[in-house]
Structures are given as structure tokens and as C-alpha cells.
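**Student:** Here it is, the structure in full.
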Amino acid sequence: MYDTRNVDAIAAALIELTGMLNSPRQDEVLLRAAGVSLDRALFPLLVRLSAAPALSVAQLAERAGRDASTVSRQIAKLERLGLVKRPAAGEDMRVRAAAITKAGARAVDAIVKARRQLLGELIAAWPTAEQEAFPRLLRKFTDAMKERQA
């Protein structure tokens, strides 16, 4: 059996964290720190694309938790900005994958560096053991949640 007070405290912290992560202000802080001028709705797509060689709109929509028509419009914006290219994908010419460009990779690199700096500042005062345990436990929790959803 588990301590329900502990589970309730986890739930409360997750609700608050989710709200903060979804806050436009948080995105603005990260983009400003990165020195990247980009609509905050676009940068999560750009970052996801940087982690994969190429994704279709449907694949990217699934990973981003957005509908395909919205993602398609957002990819078009990224393409106009020169951050993404859309070569034809494989045998089905109707499916066009989106892939990050060199300019897009530079923007993502700046975002990653800023994220490291900002997150590092948040945990800088934590004891080393907590700094080392946090990502491991967070990954374990995330993996368990993914498994439950599957």
C-alpha cells in the first residue's frame, strides 16, 4: 500500500508544474534566454523535429499532442522562416516529411543551451545526490505513465 498523502502531494506538484510548463511566460523566458525570435507555438515542433531525421505531419502531431491540421499550418510557418524543409517522403508522394534545416538546428542549439542554463540554475543549490536522482526518477515516472497509457 502507498501513502495517499504522498500521492496527493505528487499530483498537486504535477498539476502546478504542468501549468507552469504550459505558461506562455515560461516559453518567453526560454526563447529570450536563447536569443531566438520565434512564435512560442512553433518552437516545441522545431525541437521535436531536431530529435528525428524527418517526421510526417501526422507523426509530429502525435508527438506534440496537437491535431494534424494545426501542425501542418505551423510547419508551413517554420518552412517560410527557413527553419524546416519538406522534401517528399518515400513512395507515397502525398506524404511530405518535415526535416530541420541548418538554420533550424542553430535555433534549436540556442534553445537547448538556454534550457540547460535555466534548469541548471533551478537545481544548482540542491545536494549532488538529489541532482543526480531527479532525472532518473523523473524518467522512471514518465516511462511508467507511458506504459500505462499504452
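The values are calculated or read from the model by the stated rules, or taken from the named source; none is laboratory data. Everything numeric in this text was worked out from a predicted model, so none of it was measured. Using ideal geometry, Cβ is built from the backbone for each residue, glycine included, and neighbour counts are taken over all protein chains shown. Note: accessible area is taken over every heavy atom of the protein model, side chains too, but ligands, DNA and RNA are not part of it. Shrake-Rupley method; radii C 1.70, N 1.55, O 1.52, S 1.80 Å.
**Student:** Scan the range 121-135 and report the pairs whose first residue is touching a residue at least 40 places away in the same chain (Cβ under 8 Å) and whose second residue is of a type in the set (D, E), with Cβ atoms within less than 9 Å and a gap of 6+ or a chain change.
**Tutor:** The qualifying pairs do not exist here.
**Student:** Let me ask something additional. State the number of residues belonging to the range 110-123 that are open to solvent by 70 Å² or more (accessible area, probe 1.4 Å) and either farther than 22 Å from V47 by Cα or of a type in the set (D, E) (or both).
**Tutor:** The total comes to 1.
For (1) at pLDDT 90 or above; (2) open to solvent by less than 50 Å² (accessible area, probe 1.4 Å); (3) under 17 Å from A107 (Cβ atoms); (4) within 15 Å of the chain's Cα centre (by Cα), each residue gets a yes or a no:
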position: S23; (1), (2), (3), (4): no, yes, no, yes
position: L30; (1), (2), (3), (4): yes, yes, yes, yes
position: A33; (1), (2), (3), (4): yes, no, yes, no
position: V36; (1), (2), (3), (4): yes, yes, yes, no
position: R40; (1), (2), (3), (4): no, no, yes, yes
position: V57; (1), (2), (3), (4): no, yes, no, no
position: S69; (1), (2), (3), (4): yes, no, no, no
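**Student:** Continuing with this model, one more query. Go through (1) closer than 28 Å to F134 by Cα; (2) surrounded by fewer than 16 Cβ atoms within 10 Å (Cβ to Cβ); (3) of a type in the set (A, V, I, L, M); (4) free of Cβ contacts under 8 Å to residues at least 24 places away in the same chain and name the single condition A76 misses.
**Tutor:** Unmet condition: (1).
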